[in-house]
1. Out of the residues in segment 122-163 meeting the condition of being small (Gly, Ala, Ser) and away from ligand 1 (no atom under 16 Å from the Cβ), tell me which one is surrounded by the most Cβ atoms within 10 Å (Cβ to Cβ).
2. Going by what's in this entry, would residue 58 be described as open to solvent by less than 70 Å² (accessible area, probe 1.4 Å), modelled with pLDDT of 95 or more and within 16 Å of ligand 1 (Cβ to nearest atom)?
3. When you go through 13, 41 one by one, which is the residue that is of a type in the set (Gly, Ala, Ser), within 10 Å of ligand 1 (Cβ to nearest atom) and part of a loop (DSSP other than H, G, I, E, B)?
4. For segment 206-220, which positions are more than 16 Å from ligand 1 (Cβ to nearest atom) and open to solvent by 30 Å² or more (accessible area, probe 1.4 Å)?
5. Sort through 184, 190, 166, 179 and tell me the only one that's surrounded by 19 or more Cβ atoms within 10 Å (Cβ to Cβ), touching a strand residue (DSSP E or B) at 6+ places or on another chain (Cβ under 7 Å) and of a type in the set (Gly, Ala, Ser).
6. Taking residue 223, is it within 18 Å of residue 6 (Cα to Cα), surrounded by 19 or more Cβ atoms within 10 Å (Cβ to Cβ), within 14 Å of ligand 1 (Cβ to nearest atom) and over 12 Å from the mean Cα position of the chain (by Cα)?
7. Return the residues of segment 226-256 that are modelled with pLDDT under 75, acidic (Asp, Glu) and either open to solvent by less than 50 Å² (accessible area, probe 1.4 Å) or not in a helix (DSSP H, G or I) (or both); say none if nothing qualifies.
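The values are calculated or read from the model by the stated rules, or taken from the named source; none is laboratory data. Small disclaimer: the values here were computed from a predicted structure and weren't measured. Neighbour counts run over all protein chains shown; Cβ positions are idealised from the backbone, glycine included. SASA here: full protein model, heavy atoms, side chains in, ligands and nucleic acids out. Shrake-Rupley method; radii C 1.70, N 1.55, O 1.52, S 1.80 Å.
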Amino acid sequence: MTKTLRIEDLHVSVAGKQILKGVTLEITTGTVHALMGPNGSGKSTLAHVLMGHPKYTVEKGRIFLDDKDITHLPPNERAKLGLFLSFQYPAEITGVKITSFLRTAYNTLHNTNMSVVEFHKLLKQTMTELAMNPDMIKRCLNEGFSGGEKKRTEILQLLLFKPAFAILDETDSGLDVDALRIVAEGINKARGKDMGILVITHYNRILDYLAPDKVHIMRDGKILKTGGPNLAKQIESQGYEFSEFASLTQENSGEL
Ligand SMILES: Nc1ncnc2c1ncn2[C@@H]1O[C@H](COP(=O)(O)OP(=O)(O)OP(=O)(O)O)[C@@H](O)[C@H]1O
Ligand SMILES: [Mg+2]
């Protein structure tokens, strides 16, 4: 069954500063949307608000998952409803082994009780698909991981948890060319008719692999323009200041 994540006229502030100034966006399962925009335009803020980060205040607007208003739900409730966020700067969790973290999360999200042995098998198999070193299983979550290893661990979670909606914040940054391909293939493997994905990125390269259905450009807390993959190509070749785009406001934005 198709699910919809709907963001309606979202206004958000942090530390008294208004960051999002009326964001409207709808993502259905089975589609991939890309979100691009200059540094500081509010992309990560949107990702954090979608997951219910307590630092951000919703001043106006609402977020719906199907008919359920999730604007003020705590993060764990959102995760249970099928939302997944990968962080631009993933946290290290000292003392928590990857296996136990992932198994606990897996069992909670899937409402099951997979045994240690069974989960270990699933984990090893999924790690092999992502060309991850199985020795990492013994380590603590993200502790001492290289940038690329952290990103692969995020995609590992995507493959294991199979959320209804995934928000991937710069999963492609800092990856070498082979890692980028592996991560993109992992995302392509995870996606399907039951998953909707919002990919936040600065680069067209990952979009070449993912072929997004829509590309949105955010600037100064608003979605200024929505188009197809060509819009991402145009941004890459011309930057955000190309004349047609620079003169746009949300009111007169349209499809490229
Ligand atoms: N705690 C905070 N206090 C004040 N300003 C903040 C705070 N958190 C975020 N901001 C500001 O909000 C704006 C949007 O930040 P955000 O991280 O959402 O941008 P972004 O589009 O993800 O940028 P980038 O492409 O560099 O990752 C920035 O100007 C940032 O400085
Ligand atoms: Mg960001």
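1. Across segment 122-163, the extreme among qualifying residues is 148.
2. yes
3. Details: 13 fails: part of a loop (DSSP other than H, G, I, E, B).
Within the list 13, 41, the selection yields 41.
4. Of everything in segment 206-220, those that are more than 16 Å from ligand 1 (Cβ to nearest atom) and open to solvent by 30 Å² or more (accessible area, probe 1.4 Å) turn out to be 208, 209, 211, 213, 214.
5. Values: 184 fails: touching a strand residue (DSSP E or B) at 6+ places or on another chain (Cβ under 7 Å); 190 fails: touching a strand residue (DSSP E or B) at 6+ places or on another chain (Cβ under 7 Å); 179 fails: touching a strand residue (DSSP E or B) at 6+ places or on another chain (Cβ under 7 Å).
One residue alone meets the criteria, 166.
6. On the way: within 18 Å of residue 6 (Cα to Cα): yes; surrounded by 19 or more Cβ atoms within 10 Å (Cβ to Cβ): yes; within 14 Å of ligand 1 (Cβ to nearest atom): yes; over 12 Å from the mean Cα position of the chain (by Cα): yes.
Considered against the rule, which asks whether it is within 18 Å of residue 6 (Cα to Cα), surrounded by 19 or more Cβ atoms within 10 Å (Cβ to Cβ), within 14 Å of ligand 1 (Cβ to nearest atom) and over 12 Å from the mean Cα position of the chain (by Cα), residue 223 comes out as yes.
7. Residue satisfying the conditions is 255 alone.
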